[in-house]
Amino acid sequence: MPRIALTAAVLGTPDPSGLARFYQRLLGWPLRDDEPDWATLRPTDGGTGLSFQLEVDHVPPVWPPVPGTQQMQQHLDFEVDDLDAACTLAEKAGASPLGRYTEPHEVVRIYADPAGHPFCLFTRT
């Protein structure tokens, strides 16, 4: 089996630099690339990062899904140690709250980033 490593998830956006800076504020990762059509964040530990690609005709997904609208094709999950503090940080950085739920082993808050991509902040209970 060949070695295959996931280096980044790539999100389409009309503003790669702006969306990279949103996630930079949220995650604290350094900005590696910052071009008009591509931006990249990588954690300092060398782990999997996030990249942002210019998508001029980007249509934000609708969540929860509604028939006939752009459906969410992926979302990001971030485990946090302080859910309230992480939610405050996300909202100050520009995230929009979409929903919340609690399961027996986790508490989840759902947000949209400035380009409309859903992401979850969660903590284990």
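For the reader, a short list of remarks on this structure follows.
- A Cβ-based charge dipole, computed about the Cα centre of the chain with Lys and Arg at +1 and Asp and Glu at -1, lands at about 120 debye.
- Normalising the average separation of contacting C-alpha pairs (under 8 angstrom, six or more residues apart) by the number of residues puts the relative contact order of the chain at 22 percent.
- Farthest toward positive dipole pole in the chain [+1 Lys/Arg, -1 Asp/Glu at C-beta], among I4, W63, Q53: I4
- Considering only Cα atoms, the convex hull volume of the chain works out to 149 Å³ per residue.
- The figure for R32 is an accessible area of roughly 140 square angstrom, using a 1.4 Å probe on the protein chains alone.
The values are calculated or read from the model by the stated rules, or taken from the named source; none is laboratory data. Note that this is a predicted model, so its numbers are computed, not measured. As a convention, Cβ positions derive from the backbone with ideal geometry for all residues, glycine included, and neighbour counts pool all protein chains shown. In case anyone asks, the SASA skips ligands and DNA or RNA and just uses the protein heavy atoms, side chains included. Shrake-Rupley method; radii C 1.70, N 1.55, O 1.52, S 1.80 Å.
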